[in-house]
Amino acid sequence: YAFKGPTWKRWEAVLKAATAAATDKGDALARLAEFYEQTGRITDAIATWKQMLAVPVTGGGLAALKGDQLQTTGMAAISWLDMDVVEQSGLQSEDGKTALAEAKSYDDQLRQAKQATALQNMLDGRMELLHKNVPQAINYLTAADNAFTVPNMREWMRTKLTLAQAYDLQQDWGLELKSIEQVLTAYPTAVTPMLRRAEVLLRLARYNEALG
């Protein structure tokens, strides 16, 4: 969805009403949390994911599987968003320290989840990157990148762009450009990757391509 201007307020009202009426609270809260992520409201997104995690997983079979998947998604999302806060606030700030501790907590909880290895590698890679441990970050992120093969997955894009960030710190502009262009192949109008691609092309002295 394109959440621009006053549109996001209307979507928020719709999603909140749908959540209040939903029989599947977990799924509805996940959609609301993702909306907050897309509109950059990190605090609201984290709070809503926590609400979702508090919804009991009931039933068996497919219902239980879906509930477990939502729990895994929620824990990974909170850890990732907390790392957004760390990046914005600084690793040594009070807000950064609090967010980092919570990110690690949910990261540790995720280790107990089944079939969450790829998510774990994605989060561990970003955690290492926050501490400027670039080679370790690249190892984790490469493992996650090899596991996330579907371009429409949010985790696929996050892994590609974080891997590009790691290559940037390593000053490996070629591999950084490769990761960014893989994202743009799937999402050709994505603004942030477009800007990052232009910046890398300038470093590589490919000025005409940067302006194109």
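The values are calculated or read from the model by the stated rules, or taken from the named source; none is laboratory data. Here the structure is a predicted model, which is why all the values come from computation and not from measurement. Because the Cβ atoms are built from the backbone with ideal geometry, glycine has one as well, and the counts that use them run over all protein chains shown. When the accessible area is computed, the model is the full protein with side chains, heavy atoms only, and any ligands, DNA or RNA have been set aside. Shrake-Rupley method; radii C 1.70, N 1.55, O 1.52, S 1.80 Å.
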**Complete:** With the first residue restricted to region 132-154 and required to be under 18 Å from Leu169 (Cβ atoms), and the second required to be part of a loop (DSSP other than H, G, I, E, B), Cβ contacts under 7 Å at 6 or more apart or on different chains are Val134/Gln170
**Message:** Of everything in region 99-117, what is loosely packed, with under 15 Cβ neighbours inside 10 Å and part of a helix (DSSP H, G or I)? Give them in sequence order.
**Reply:** Ala101, Ser105, Asp108, Thr117
**Request:** Answer yes or no: is there a residue in region 19-37 that is touching a Leu at 6+ places or on another chain (Cβ under 8 Å) and open to solvent by 50 Å² or more (accessible area, probe 1.4 Å).
**Result:** yes
**Single residue of Glu155, Glu181, Glu128 found to be modelled with pLDDT under 95, of a type in the set (Asp, Glu), part of a helix (DSSP H, G or I) and surrounded by fewer than 22 Cβ atoms within 10 Å (Cβ to Cβ)** = Glu155
**Request:** Using the structure shown, decide if Thr142 is more than 27 Å from Ala30 (Cβ to Cβ), assigned to a helix (DSSP H, G or I) and among the polar types (S, T, N, Q).
**Result:** yes
**Request:** Taking Ala13 as the residue in question, decide whether it is in a helix (DSSP H, G or I), without any contact (Cβ under 8 Å) to a residue 60 or more places away in the chain, of a type in the set (A, V, I, L, M, F, W, C) and open to solvent by less than 20 Å² (accessible area, probe 1.4 Å).
**Result:** no
**Item:** Selection status of Gly96, modelled with pLDDT under 95 and open to solvent by less than 20 Å² (accessible area, probe 1.4 Å)
**Value:** no
**Message:** Need pairs with beta-carbon distance below 6 Å; first residue in a helix (DSSP H, G or I) and within region 189-205, second open to solvent by 60 Å² or more (accessible area, probe 1.4 Å); sequence gap 6+ or separate chains.
**Reply:** Val200/Trp173; Leu201/Glu209; Arg203/Trp173
**Prompt:** Name the residues in region 82-98 that are assigned to a helix (DSSP H, G or I) and either of a type in the set (Asp, Glu) or at positive phi (or both), would you?
**Reply:** Asp82, Asp84, Glu87, Glu94, Asp95
**Prompt:** What is the one condition in (1) of a type in the set (Phe, Trp, Tyr); (2) farther than 24 Å from Gln38 by Cβ; (3) touching a Phe, Trp or Tyr at 6+ places or on another chain (Cβ under 9 Å) that Phe148 does not satisfy?
**Reply:** (2)
**Message:** Can you pull out every residue in region 158-178 that is closer than 21 Å to Leu91 by Cβ and either surrounded by 15 or more Cβ atoms within 10 Å (Cβ to Cβ) or of a type in the set (A, V, I, L, M) (or both)?
**Reply:** Arg158, Leu161, Thr162, Leu163, Ala164, Gln165, Ala166, Tyr167, Asp168, Leu169
**Residue satisfying all of: in region 184-212; closer than 24 Å to His131 by Cα and β-branched (Val, Ile, Thr); surrounded by the fewest Cβ atoms within 10 Å (Cβ to Cβ) among these** = Thr192
**Request:** Answer yes or no: is there a residue in region 66-78 that is closer than 21 Å to Ala118 by Cβ and without any contact (Cβ under 8 Å) to a residue 24 or more places away in the chain.
**Result:** yes
**Fill in**
Scanning region 51-62 for residues that are open to solvent by 60 Å² or more (accessible area, probe 1.4 Å), part of a helix (DSSP H, G or I) and under 15 Å from Ala28 (Cβ atoms) gives Gln51
